[in-house]
Amino acid sequence: MNSIFDLVVIGGGHAGVEAVLAGKRMGLNVALITLDKTKTGRMSCNPAIGGIGKTHLAKEIDALGGYMAEATDLSGIQFRTLNKKKGPAVQATRAQADKELYEKTIQAKLKKEQIDVFEDEVIDFEEKNCEVFAAVGKNKKYKAKAFVLTTGTFLNGAILIGSNKREGGRIDEKKASGLEKFFDKQNLMLGRLKTGTPPRLARETINFEVLEEQPGDQEVCYMSFLENKNHHPKQVSCYITKTNKRTHDIIKKNIKKSAMYSGLISGVGPRYCPSIEDKIMRFSSKDSHQIFVEPEGLESNWVYPNGISTSLPREVQEEYIRSIEGFESAEILQQGYAVEYDYIDPRNLEKTLRLKNLKNLFLAGQINGTTGYEEAGAQGMVAGINASLLVQKKAEWIPQRQNSYMGVLVDDLTRFGVSEPYRMFTSRAEHRLVLRQDNADERMFEAGIHMGLINKEREEVFLKKQKEKKQNLEQLRKTKIKFGDQIKTAHDLCKRNDFTMEDVKGTLEKTNKRFGETYYDIRYSGYVDKQRRELEKMRNLEEHDLGLIFDYAEVVGLSGEVKEKLNKTKPKNLLEASGVEGITPAALNVLAIHLKKIDAIRTS
Amino acid sequence: MVGKGLDPIFAQGSAPGQSAIAVVRLSGKLPDSLYDELKIYEDERSFFLREINFGDFADSCLVLNFPAPGSYTGESMLEIHSHGNQLIVAEIFRWLEERGLREAEPGEFSKRAFLNNKISLVQAEGVSLGIEAETKDQLVALDSFRSGVLSKKIENVMSQLNGVLVELEAQLDFSDEEDVIDTKSGAIQDSLSCVLVELADLLKNYGPFEKNSLKKRVVLVGRPNVGKSSIFNSLLNEDVAIVSQEAGTTRDIVRKVLPLSGFEVEVEDTAGLRPETNDAIEKSGMVLTVKAAESADFLIYVTDDPEEIVPKEFRDRSFLVFNKCDLNPAPSSFSGLSVSAKTGEGIGVLLEKLKSLATSSSGQKLISERTHKKLEKAMKILSKEAGGADFFEMTAQNIRDANQELNEIYGELDNEKILDQIFNNFCIGK
């Protein structure tokens, strides 16, 4: 029997979950296909959500009515604000999650939303005239108007430990196969990436007494804008230990046995998340590396030693683990491993994350060369929303670099492709100062409401916050302060460096908990203007129609490479041209001048 | 047959005034009838002697034909070489207007050359800067901009800025990493100050290229009645300043531009300086003299006493001139130049001297106003005081903004490069 849906999402990870929930919120008849129902929403690597840059994505997902942040609040066992002293735009709420609780929360949500979840392995797509009409599962066919594919590490996945290589997407799980043949037919470039995990340790075998304790923040913080609606479970501490000379000696002695160094791995791993082998070999002058000892859950006895991912054989893992303080008699519950998988060069995608040469197939998550739960969730959101808009025959939605990290993410991916698993950093955002974690709701609200992603409850929470900020603003405007022989308002003081936020706050009669946000709205308002100008510039670019240029070889001043690229991509206007890889502002200028030339010649 | 290009235009290509020949250039879709009348085939690249009849009279002209696209503008072009009389040129203009041509806007020939890919924008800019350059150092500056001396200096500033940015970004994106040690805002501010010093140096050494602002100012100074005004008049070859036997005749500053074969120098005559006066007007005249002398590019110190010691505030920048050598010649030990404003002796030498002083380099190299503005803007952004609690992210933003300004002069900022450097410098990853 075949099933017919509006939207079918393949893959039940962080991307797939957000995509299918977005489709549901937009009123579509949706289905989720996954290899193993019980593993839907699984955190397959570290037990944490958020981080600098990543939290920004999680909050944007939340602001569009997504579920990642709420699930984090409901399963988070430690919350901390990072970068407290570096400014509000780079501050990030990071949460340790109870892994089991997290996936149970996600699964409960899917159930509550009555989403059809099928356990199946999709091995092919049926396609005609560049339009996919069915996903072919091993059990049955799933017909739909649009599809979102999220393969994670399962596309041609291989698990590597020491000299051992076997197929699989996660340890002890089978890989997904067959789709590579489909992509082959589509003439898409595939690449190979690698990531790794550390060995997991049994809690009862670790000597916590000798480890440095790292508690969460005293102040309760939330990932979701719904705040205290989702109560946190019991809060616990993390611990810190470090590698030592002996650890390093063991690893150096056995380095040839590592899958990473034996030539077994061809995929490129992330530089910001190197294996312990890499850390020791590349930074040989350092004689110690920190390890964050993170509990995987309240009930679980699994402990995640963050910072020592490896692909060394099991016996070496055991040896070096036990050389570390506190781990002297630690038992390994699951060995560390590297996983290699296929990804599709994201330059094959539109900014809606739809494959350029297929009308209704969207890709999200690691298949696009990214890493991280938040990066996956954000893409799931973009893909899910656009797939739904396509089904509804509505105009696409593309988040912009100027107002969201989601925009930075899809723009970076589709323009530049990836050379290593892509992770979000705040330094990737040119408009960082206006893209704060606390104003993600404001940045996404209009789009969210417009597309029907935001329910009444969220809207009310949002409007209440806006009201509170407005009250602060009024207070700031009406509070007058004598300043030498001048009268200034408290509002004026927000931009001055000789007054701290606390100083300004002290001048007001009454404030509410949104004061900090109001203060920084004013303090950074100059950057908002700059952002607006940039958006206007983009609209200008859009107005420059490139349809009149038939052959870029005629354009004097462009390099041969750029000419070739433009001839191949045939951008509609300057804005699209600006998105072509390798197009510099100088090249855009040349194009603009060329258009003027054409114009001058035509009108004469 | 008809010419190729935009609407037909003409302009005089030679300098106006009397000369042996005058050149009028034509470009664009030149009318059929014009070629017919001149009995020239549009495609025939050659020159022709033609008697052009202007109605009341005719002139024998040389007509050069440059078929498109092998011409300066890339359009069909003709050049009419007539006798160099402005009246004949005016007749040619009228004659052309009657045939549907219009006089070109300034720069229109170059613009068409650019539109037809005959020259690039940079070349066009270079051409106009080159034509407008008034002094030798302007040409040298143009050269230093093109040769990349400046780009290296700017690149150096940018790479230093990027160094600070790498440090900052590591603090922002990787503060939870063990290898990134907390940096104090003071240390960042210190490294930034070093870059600011370099940028300030750059601004000091490279001035904006502005027409006129670079005209050198020469001020005549000296005691009263030594003949400053007489020399002034001789230099200009006209009686501009009032001259009399009476000491202190000149009260105000008299200015006049002196053209020196292609270069211009502004010469200023001033009130003579003497301590022993009670005349209020003369006194205020002397104040003006001191002010003018202070801001002058160089001074001509005039004396009629070979023994006189030049006051030390003028000594360094003064060229010493001994006047009235017709009355009593200067002793051979005199180090300056002997002239006589009355007989004109030595004035030619003085003019040569002025020319060499006017065209000598001021030490300050020149860059286009646009480039200078970008440098200034970068400097301004970086000088902004950053806040307290938000020092790090604000400073990072300022550096990015400043870099963007500098980038618009040469090159492009790349986030990926910043990250690359972070990964090369720190061991990141828990």
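The values are calculated or read from the model by the stated rules, or taken from the named source; none is laboratory data. In this text, all values refer to a predicted model and were calculated from it rather than measured experimentally. FYI the Cβ positions are ideal-geometry reconstructions off the backbone, even for glycines, and counts take in every protein chain you see. Please note that ligands, DNA and RNA were not included when accessible areas were found on the heavy atoms of the full protein model with its side chains. Shrake-Rupley method; radii C 1.70, N 1.55, O 1.52, S 1.80 Å.
What is the percent of Cα-Cα separations in region B:9-118 that go past 17 Å?
It works out to 51 percent of all Cα pairs.
Which of A:Leu453, A:Ile291, A:Tyr519 sits closest to the plus end of the dipole of chain A, meaning its Cα is farthest towards the positive end, when Lys and Arg get +1 and Asp and Glu get -1 on the C-beta?
A:Tyr519
May I ask you to rank B:Trp95, A:Trp397 by accessible area, largest first, using a 1.4 Å probe over the protein chains only?
Ranked list, largest accessible area first: A:Trp397, B:Trp95.
Percent of accessible area on the protein assembly as shown owned by carbon and sulfur, 1.4 Å probe? Present the calculation step by step, with values, prior to reporting the outcome.
Values: 23310 of 46070 Å².
Exposed carbon and sulfur together represent 51 percent of the surface.
For region A:14-132, compute Rh as the Kirkwood radius over C-alpha pairs and then the Stokes-Einstein diffusion coefficient at 4 °C and 1.567 mPa s; write the answer in µm²/s, rounded to an integer.
My calculation gives 82 µm²/s for D.
Suppose we take every Cα in region A:486-604 and form the convex hull; what volume per residue is that in Å³?
Dividing the Cα hull volume of region A:486-604 by its residue count gives 189 Å³.
With a 1.4 Å probe, what is the total accessible area buried between chains B and A, in Å² rounded to the nearest 100?
Values: alone 23070 and 27030 Å², together 46070 Å².
Counting both chains, the buried surface is close to 4000 Å².
Over region B:216-358, what relative contact order in percent results from Cα pairs under 8 Å that are six or more residues apart? Write out the running numbers ahead of the final one.
Values: 267 pairs, mean separation 36.8, N = 143.
It comes to 26 percent, rounded to a whole number.
In µm²/s, what is D for region A:544-603 at 4 °C and 1.567 mPa s, where D = kT/(6 pi eta Rh) by Stokes-Einstein and Rh is the Kirkwood radius from Cα pairs?
The calculation lands on 115 µm²/s.
About the Cα centre, and with charges only on the beta carbon of Lys, Arg (+1) and Asp, Glu (-1), how big is the dipole of region A:200-340? Nearest 20 debye, please.
720
Once Lys and Arg get +1 and Asp and Glu get -1 on their Cβ, which of A:Ile321, A:Pro274, A:Thr243 lies farthest toward the positive end of the dipole of region A:200-340?
Among A:Ile321, A:Pro274, A:Thr243, the one farthest towards the positive end of the dipole of region A:200-340 is A:Pro274.
Helix by helix through chain A, keep the DSSP H runs that span 18 Å or more along the axis on Cα and average at least 0.5 on Kyte-Doolittle, and give those back in order. Kindly include the intermediate steps, with their values, before the conclusion.
Details: long enough: A:99-112 (20 Å, -1.29); A:373-391 (26 Å, 0.65); A:456-478 (33 Å, -2.15); A:525-543 (28 Å, -1.82); A:585-603 (27 Å, 0.61).
In chain A, the long hydrophobic H runs are A:373-391, A:585-603.
Inverting the mean 1/r over all pairs of different Cα atoms, compute the Kirkwood radius of the protein assembly as shown and quote it in Å.
34.9
Roughly how large, in nm² to one decimal, is the mean projection of the convex hull of the alpha-carbon atoms in region B:216-358?
8.0
Label A:Lys128 and B:Asp36 with points 7 Å out from Cα along Cα→Cβ: what is the distance between them in nm?
Calculated label separation equals 6.7 nm.
Could you list, bin by bin from short to long, the percent of Cα-Cα pairs of chain A in 20 Å steps?
19, 49, 29, 3, 0
In debye, nearest 20: dipole of chain A around its Cα centre with unit charges on the Cβ of K, R (+) and D, E (-)?
In total the dipole reaches around 1020 debye.
Pull up the DSSP beta bridges for the protein assembly as shown and report the antiparallel fraction as a percent, rounded to 5.
65
Roll a 1.4 Å probe over the protein chains and send me the accessible area per residue for the protein assembly as shown in Å².
45
Determine how large the accessible area of A:Lys24 is when every protein chain is in place; take a 1.4 Å probe and give Å² rounded to the nearest 10.
In the full protein context, A:Lys24 sits at about 70 Å².
With r defined as the distance between the Cβ atoms of B:Asp279 and B:Glu98 and R0 fixed at 56 Å, what FRET efficiency is calculated, to the nearest 0.05? All intermediate terms of the calculation are to be shown ahead of the outcome.
Values: r = 66 Å, r/R0 = 1.18.
Computed FRET efficiency for B:Asp279 and B:Glu98: 0.25.
Apply the Kirkwood formula to region A:470-527: the hydrodynamic radius equals the inverse of the mean of 1/r over all pairs of different alpha-carbon atoms; give it in Å with one decimal.
The Cα-based Kirkwood calculation yields 11.3 Å.
Between A:Phe283 and A:Arg415, what length comes free when the chain is fully extended (0.36 nm per residue of separation minus the Cα-Cα distance, one decimal in nm)?
44.3 nm
If you place +1 on the Cβ of every Lys and Arg, -1 on the Cβ of every Asp and Glu, and leave all else neutral, what size is the dipole of the protein assembly as shown about its Cα centre, to the nearest 20 Debye?
2560
Picking from A:Asn567, A:Leu74, A:Pro399, whose Cα lies most toward the positive end of the charge dipole for the protein assembly as shown (charges on Cβ: Lys, Arg +1; Asp, Glu -1)?
Farthest towards the positive pole: A:Leu74.
Counting only helical runs of four or more DSSP H residues, what would the 222 nm mean residue ellipticity of chain A come to if each run contributes -39,500 (n - 2.57) and the total is spread over all its residues?
Rounded to the nearest 500, the figure is -10500 deg cm²/dmol.
P(r) tail for region A:408-553, what percent of Cα pairs lie past 27 Å?
44
So how far apart, in nm, are the two label points at B:Asp305 and A:Lys229 if each is 7 Å from Cα heading toward Cβ?
A separation of 9.7 nm, rounded to one decimal place.
Taking Cα atoms of region A:328-475, Rg/Rh with Kirkwood Rh, to two decimals? Display every interim value, and only then the final one.
Details: Rg = 18.7 Å, Rh = 17.4 Å.
Dividing the radius of gyration by the Kirkwood radius yields 1.07.
How big, on average over all directions, is the shadow cast by the Cα convex hull of region A:200-340, in nm²? Display every interim value, and only then the final one.
Working: hull surface 40.9 nm².
Averaging across all directions leaves 10.2 nm² for the Cα convex hull.
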